[in-house]
Amino acid sequence: MKWIDAIVKVLQNNKQDNGVYAPMHYSDITDAIIQQNLRETYGITPKNTANAYMSTRPDLFNSLGGGFYGLTQVGINYEVDNKNKSRDNKEIDAEDAQINSKINQEIEKANESKIIKIFGMFWDRTKIEWGRGKMKGRQNVGSEVVDFKDVRGLYVLYDGREVIYVGQALKTPILKRLKDHTKDRLSGRWNRFSWFSIDGINPDGTIFKVDKRISMDLEHLIDALEGIMIEGLEAPQNRRQGNNFGDEYIQDDNIEMEKEQILKTCVGLLSRI
């Protein structure tokens, strides 16, 4: 199904008992599209893609600010092409590609307007491919995997949920600094980490590197600092992540790495027989 049809379908299904079509946040819309299996592929940045599609179609969607969108009257009356689900996915992607340039422009604007562009919370140290130098994650369960090995920014080390160290990585990537901490005095004291990147992700999965200097107004700076504190400290009275903050990525389960570990364990057990 085309992105537009999938987005409209989710919002049309969000009709309340009083007959009002309730608005939704673009993250929740994307999650619903994936949960309902409305598309076969979702790309690298499905949340950003959905947000960009809605921002380029004011005839169908009302932007309510803060990432929330509702349907216009045209959107309410829009006839979703449900047959798309059974069509060749390449044909659907070709139709989607007609406005890819606009989508890319919207994503580039988002990358340029945020200090913290992407982040990951409470990632498991044991799931990092230290030997291969890879730090993999994805935006949604159904989206493609991205390697964040080259991103720079800030990081927090935890022992369980307790913060034990906060560091920065600007001259070298975050992954390099984390690897250093597997060998230094902190080596045995942390098992999870969070990371906050000043670099972003392009739609093709490549890293969007910021320049040496960033032009940023005071409001955006405060928004970024607030977002880091809310996410990093998990203040119990906060119910949001902060304004104009980046997109969260979940850690990849790394099934291949688990298979290798199981194989090594089996080989070790057999060697003792």
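Values in this text are rule-based calculations from the coordinates and carry no lab data. None of the values given here were measured: they were computed from a predicted structure. Cβ coordinates were reconstructed from backbone atoms using ideal geometry, including for glycine residues, and neighbour counts include every protein chain displayed.
Can you tell me which residue is surrounded by the fewest Cβ atoms within 10 Å (Cβ to Cβ) among those in the range 158-174 that are of a type in the set (D, E, K, R) and either touching a residue at least 40 places away in the same chain (Cβ under 8 Å) or more than 18 Å from Ser197 (Cβ to Cβ) (or both)? Give the derivation first.
Initially, the range 158-174 is screened for residues of a type in the set (D, E, K, R), giving 159, 161-162, 171.
Subset that is either touching a residue at least 40 places away in the same chain (Cβ under 8 Å) or more than 18 Å from Ser197 (Cβ to Cβ) (or both): 159, 161-162.
Working: Asp159: 14, Arg161: 8, Glu162: 10.
Selected residue: Arg161.
Condition check: touching a residue at least 40 places away in the same chain (Cβ under 8 Å), aliphatic (A, V, I, L, M) and in contact with a Lys or Arg (Cβ under 6 Å, 6 or more places away or on another chain). Does Val80 satisfy that? I'd like the intermediate steps shown before the answer.
On the way: touching a residue at least 40 places away in the same chain (Cβ under 8 Å): yes; aliphatic (A, V, I, L, M): yes; in contact with a Lys or Arg (Cβ under 6 Å, 6 or more places away or on another chain): yes.
It is true that Val80 is touching a residue at least 40 places away in the same chain (Cβ under 8 Å), aliphatic (A, V, I, L, M) and in contact with a Lys or Arg (Cβ under 6 Å, 6 or more places away or on another chain).
May I ask you to list the residues in the range 125-152 that are of a type in the set (Gly, Ala, Ser) and touching a residue at least 60 places away in the same chain (Cβ under 8 Å)?
Matches in the range 125-152: Gly137, Gly142, Ser143.
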